[in-house]
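One structure below.
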Amino acid sequence: MFQEFLQQFEKRGLWGKFAVTSSGCIGTCGAGTNVLVYPEGVMYGGVSRDDVAAIVEQHLIGDQHVERLKVPAEVWG
């Protein structure tokens, strides 16, 4: 998934506008791959490679959450 984000950032010229970092488990590993977007503090769960483009396009560029992937804050926060 990390590699997919790197490719999307490169493809869309997002370096300098956003940063991508990898991490180990951030608490909800049983739910599949998770992506945490800051400073908003929005977590997406069960993320697939196809979802990465949606997160980049919809959330980072379009400033709209990808509701179908959102994990409620009370689950992880």
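Bear in mind these aren't lab numbers, they're just calculated from the coordinates by the rules spelled out. In this text, all values refer to a predicted model and were calculated from it rather than measured experimentally. Please note: Cβ atoms are built from the backbone with ideal geometry, for glycine as well, and neighbour counts cover all protein chains shown.
The set of residues in segment 52-74 being part of a helix (DSSP H, G or I) and loosely packed, with under 13 Cβ neighbours inside 10 Å consists of Glu67, Arg68, Ala73, Glu74. I want to confirm something. Restricting to segment 22-48 and keeping residues that are surrounded by 13 or more Cβ atoms within 10 Å (Cβ to Cβ) and closer than 14 Å to Phe5 by Cβ, which single residue is nearest to the chain's Cα centre (by Cα)? Filtering segment 22-48 for residues that are surrounded by 13 or more Cβ atoms within 10 Å (Cβ to Cβ) and closer than 14 Å to Phe5 by Cβ, the one nearest to the chain's Cα centre (by Cα) comes out as Val35. Taken as a whole, the condition of being at negative phi, over 12 Å from the mean Cα position of the chain (by Cα) and buried (at least 16 other Cβ atoms within 10 Å of the Cβ) applies to Leu14. Filtering segment 1-51 down to residues that are assigned to a helix (DSSP H, G or I) and touching a Leu at 6+ places or on another chain (Cβ under 8 Å), which residue is farthest from Leu69 (Cα to Cα)? Among them, the one singled out is Gln8.
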